[in-house]
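Nothing in this text is a laboratory measurement; each read-out follows from the coordinates by a stated rule. Remember, it's a predicted structure, so these values are computed and weren't measured experimentally.
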Amino acid sequence: MLSYAATDGELGGEGRVQDYILETEGLTKEFRGFVAVSDVSLRIRRGTIHGLIGPNGAGKTTCFNLLTKFLQPSRGTIRYDGREITRMKPAEVARLGLVRSFQISAVFPHLTVLENVRVALQRQRGGSFDFWRSDAVLRRYDDRARELLADVGLTTYAEAAAGTLPYGRKRALEIATTLALDPTLMLLDEPTAGMTHEDVDRIVALVRRVAQGRTVLMVEHNLKVVEGLCDAITVLTRGRVLAEGPYAQVSRNPEVIAAYLGTDPGISGAAEAAHA
């Protein structure tokens with residue numbers, strides 16, 4: 001496996017390597033004899049955008065589901081912010097600040113955009129979702145909800161039904177609802193999937209903006225997006241880590257090139273061709 005050594009900027013006091021917010025060791029998931037994720041060890045540095053990439057069937061989504069506890073590992077450990085979370089439930093890790101979005105659009109289509117964010121903000125009441133409460137009580141969340149909508153460029157859509165939004169705007173709404181849970185580590189599953197060039201550019205700018213002050217781990221197929229956004233990437237193939245490091249370094253790894261393209265001179269060229 002290709003990896004990269006810590007630079008001077010990655011070392012803390014007394015030569016300690018910079019803090020990692022998420023670490024896995026030997027993470028493995030088997031389904032009736034089929035090994036979907038095998039002995040995966042990840043280290044995600046605090047305050048970075050880290051990409052998880054690989055060909056179709058590489059195990060990326062399974063890995064995401066393991067990290068966010070929608071699946072339990074067959075073997076291995078997961079540590080988040082210095083705490084082992086291997087056997088925790090999804091709601092428990094979300095309360096700790098590890099929150100994900102999903103590849104498939106997941107909004108309440110008949111609620112307004114503002115109401116969707118307000119629902120997420122009700123987590124502040126300790127898990128109570130007071131749909132039956134008076135409108136006046138629920139409006140206590142409106143100011144913060146509007147701030148989040150402004151952050152993702154949806155201010156003018158606040159009163160629109162979420163189901164009427166264009167696809168790219170729905171993904172922005174999902175990011176707003178994810179931010180409403182106040183994540184320390186935000187996991188984004190294919191944030192630009194199925195988008196037009198204009199929507200991709202908008203979401204890239206949005207991810208870069210909301211990453212300020214937090215850590216982002218993202219699964220993404222668009223390698224131009226990965227190259228432009230990510231501080232480091234991990235490449236999975238057949239459920240195993242093939243390479244890890246800065247994009248410029250990993251994209252020249254012959255094994256990575258072969259996994260994606262066979263004999264193509266570089267994976268960035270594939271991204272450009274695929275999205276031209």
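Annotations
- Taking every DSSP bridge with both residues inside the stretch 143-247, close to 50 percent are antiparallel.
- Straight-distance crosslink candidates among lysines, where the alpha carbon sits under 28 Å from LYS89 and sequence neighbours closer than 8 are dropped: LYS29, LYS60, LYS69, LYS170
- Residues whose amide H comes within less than 5 Å of that of LEU52, counting only those at least five positions distant or on another chain, are MET218, VAL219, GLU220, THR234 (H built at 1.01 Å from N in the peptide plane).
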